[in-house]
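Everything on this sheet refers to the single structure shown next.
The values are calculated or read from the model by the stated rules, or taken from the named source; none is laboratory data. Since we're looking at a predicted model, the values are computed, not measured. All Cβ positions, even for glycine, are placed from backbone atoms using ideal geometry, and neighbour counts span all protein chains on display. The protein model used for the area step is the full one, side chains on, heavy atoms only, and it has no ligands, DNA or RNA in it. Shrake-Rupley method; radii C 1.70, N 1.55, O 1.52, S 1.80 Å.
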Amino acid sequence: MPKIELKGGSEKLSRNEILSFKKFRSDFYRGDALYVATEEFVTDMLLKRASSFAKSLNTYIISATENGKRVAQCLCIITPDTEFAQISQFDCPKERKDIADEMIHTAERIAGEYGLKRIVSGLCGHLSYGVGILTETELKNSFDTNYNKIYTAEFFKHFKTVNTLSAYRCKLDDARKRLYTTTCDIGDLFVREANFSKFKDECETLRKLCDATIGDTYLYAKTTEGHFYELLKDLKLLLSEKNLMFLMHENKEVGFVFWHPDFNCAVPAGRPLSKADFALRCIFNKKKIDTVKLNAIGVLKGYRGKGTIALLRALEERTRSYEFIETNFVWDNNIESTLVNRRLLGGECRKFCVFEEYL
């Protein structure tokens, strides 16, 4: 019988505990042609409490050991002001359902100790940090997209509630043709690029618009000041002002779009990756990046429709050197967003699930 160990929570994780968790993930995905280790930048933020949001969490490492060797692990995350606990970074061998069950039971026990009645698997602290257990894809993971062994979802099939998500992808030429078949007068709306000399302020504008436009998205938690600045500051070197654009009406921001190159095109799969190595490869392998990632888009009520079209046209004008476009996740039960994505981008390229269980 494996030994289940628990570290962290309200106590800060030690350097050795963090390194052990990271080493296991590195070994677990080594040689996986679909895995790019940029997801570990979020793992680092969670484990090292490297942001104000991460500091507000109680993050536990749950690990299983046999014969003195770690064989499986995951995180259990308790966030403030939510009524559920989270399971994330769930890595377990396919044939060891017994171990998976023990880790899930441990997370459920932690939830009970906090008086929580629900557990969610597939959320990495916050929607902006990553969401979904990957269930279908033939592509290596794109930048800012969750990745796991495809069989992982099988460990949670006994959870009674399953929410599905999709990411969409197509050739930019095809998306462009579909976009411009939509006739729309945007009136007095216009789009401006961000001013990176005021990067922190622009990130705060983005944060407020995210809360106002997509704050009702399922499992989205309201953010606090500095949330997106702390998430994006290390990426600023690889971004330009056109990657963050705001929809304007009478000199007031009423919408936004955040996009970036799919940096994962520039880095190898199936091996560890430091931030320095990542940055250098993105700079020197820039020509390998053929895909645009539409990370997030939001428009205030009253400006949707023509506002969304204005932002997508501005995006199209700035991405003509790329071949493909891919979206971030879209909840499948969000009928309006799903229809827009299917109309403009066609079919799904990745499928995800979020599993929930009441205790």
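With the stretch 210-319 as the region, which strands (runs of 3 or more DSSP E) entirely inside it contain at least 2 residues that are open to solvent by 70 Å² or more (accessible area, probe 1.4 Å)? So that I can check it myself, show each step before the final result.
Values: elements: 244-249, 252-261, 291-299.
By residue number, no strands (runs of 3 or more DSSP E) qualify.
Any idea how many residues of the stretch 1-27 are more than 22 Å from Asp98 (Cα to Cα) and open to solvent by 60 Å² or more (accessible area, probe 1.4 Å)?
8
I'm told Arg109 meets every condition in (1) touching a residue at least 24 places away in the same chain (Cβ under 8 Å); (2) in a helix (DSSP H, G or I) except one. Can you identify the failing condition by its number?
(1)
Tell me whether the stretch 52-64 contains one or more residues that are out of contact with any Leu (no Cβ under 9 Å at 6 or more places or on another chain) and over 30 Å from Phe228 (Cβ atoms). Steps first, answer last, please.
First, the residues of the stretch 52-64 that are out of contact with any Leu (no Cβ under 9 Å at 6 or more places or on another chain): 52, 55-56, 58, 64.
Now drop any that are not over 30 Å from Phe228 (Cβ atoms), which leaves 64.
Within the stretch 52-64, one or more residues are out of contact with any Leu (no Cβ under 9 Å at 6 or more places or on another chain) and over 30 Å from Phe228 (Cβ atoms).
Any residue that is closer than 24 Å to Lys252 by Cβ, open to solvent by less than 30 Å² (accessible area, probe 1.4 Å) and assigned to a loop (DSSP other than H, G, I, E, B) - is there at least one of those in the stretch 201-209?
No: the stretch 201-209 contains no residue that is closer than 24 Å to Lys252 by Cβ, open to solvent by less than 30 Å² (accessible area, probe 1.4 Å) and assigned to a loop (DSSP other than H, G, I, E, B).
Kindly indicate whether any position in the stretch 323-344 is aliphatic (A, V, I, L, M), touching a Phe, Trp or Tyr at 6+ places or on another chain (Cβ under 6 Å) and surrounded by 15 or more Cβ atoms within 10 Å (Cβ to Cβ).
Taking the stretch 323-344 and keeping what is aliphatic (A, V, I, L, M), we get 325, 330, 335, 339-340, 344.
Then drop every residue that is not touching a Phe, Trp or Tyr at 6+ places or on another chain (Cβ under 6 Å), which leaves none.
Checked against the condition, which is being aliphatic (A, V, I, L, M), touching a Phe, Trp or Tyr at 6+ places or on another chain (Cβ under 6 Å) and surrounded by 15 or more Cβ atoms within 10 Å (Cβ to Cβ), the stretch 323-344 yields no hits at all.
So that you can scan it fast, the table gives a plain yes or no per residue for (1) part of a loop (DSSP other than H, G, I, E, B); (2) of a type in the set (Val, Ile, Thr); (3) farther than 25 Å from Val131 by Cβ:
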{"site": "Lys22", "(1), (2), (3)": "no, no, no"}
{"site": "Ala33", "(1), (2), (3)": "yes, no, no"}
{"site": "Thr38", "(1), (2), (3)": "no, yes, no"}
{"site": "Met45", "(1), (2), (3)": "no, no, no"}
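Please go through the stretch 84-104 and give me each residue that is charged (D, E, K, R), in a helix (DSSP H, G or I) and without any contact (Cβ under 8 Å) to a residue 60 or more places away in the chain, ordered by number. Don't jump to the end; show me each part of the working.
Within the stretch 84-104, the first condition is being charged (D, E, K, R), and the residues that meet it are 91, 94-98, 101-102.
If we keep only those that are in a helix (DSSP H, G or I) too, we end up with 97-98, 101-102.
Listed by number, the residues that qualify are Lys97, Asp101.
Could you list, in sequence order, the residues of the stretch 72-126 that are more than 24 Å from Phe329 (Cα to Cα) and aliphatic (A, V, I, L, M)?
Correct list: Ala72, Ile99, Ala100, Met103, Ile104, Ala107, Ile110, Ala111, Leu116.
Is it fair to say Asp101 is open to solvent by less than 10 Å² (accessible area, probe 1.4 Å) and of a type in the set (D, E, K, R)? Talk me through it step by step, then tell me what you get.
Working: open to solvent by less than 10 Å² (accessible area, probe 1.4 Å): no; of a type in the set (D, E, K, R): yes.
Taking the combined requirement at face value, the residue does not satisfy it.
Report, by residue number, each residue of the stretch 29-59 that is open to solvent by 30 Å² or more (accessible area, probe 1.4 Å) and closer than 21 Å to His105 by Cβ.
Asn58
Hey, does the stretch 138-156 have a residue that's of a type in the set (Val, Ile, Thr) and over 24 Å from Tyr218 (Cα atoms)?
No, the stretch 138-156 contains no residue that is of a type in the set (Val, Ile, Thr) and over 24 Å from Tyr218 (Cα atoms).
Collect the residues in the stretch 128-138 that are touching a Lys or Arg at 6+ places or on another chain (Cβ under 7 Å) and not hydroxyl-bearing (Ser, Thr, Tyr), keeping them in residue-number order.
Once the filter is applied, which keeps residues that are touching a Lys or Arg at 6+ places or on another chain (Cβ under 7 Å) and not hydroxyl-bearing (Ser, Thr, Tyr), the stretch 128-138 yields Leu134, Glu136.
Take the residues in the stretch 104-142 that are crowded, with 21+ Cβ neighbours inside 10 Å and among the polar types (S, T, N, Q), then tell me which one is nearest to Ala50 (Cα to Cα).
Of everything passing the filter in the stretch 104-142, Ser128 is nearest to Ala50 (Cα to Cα).
So, of the residues in the stretch 154-189 that are in a helix (DSSP H, G or I), of a type in the set (A, V, I, L, M, F, W, C) and touching a Leu at 6+ places or on another chain (Cβ under 8 Å), which turns out to be nearest to His249 (Cα to Cα)?
Step one: list which residues in the stretch 154-189 are in a helix (DSSP H, G or I), which gives 154-156, 172-179.
Checking which are of a type in the set (A, V, I, L, M, F, W, C) leaves us with 155-156, 172, 175, 179.
Filter once more, so that each one left must be touching a Leu at 6+ places or on another chain (Cβ under 8 Å): 175, 179.
Values: Ala175: 26, Leu179: 22 Å.
Selected residue: Leu179.
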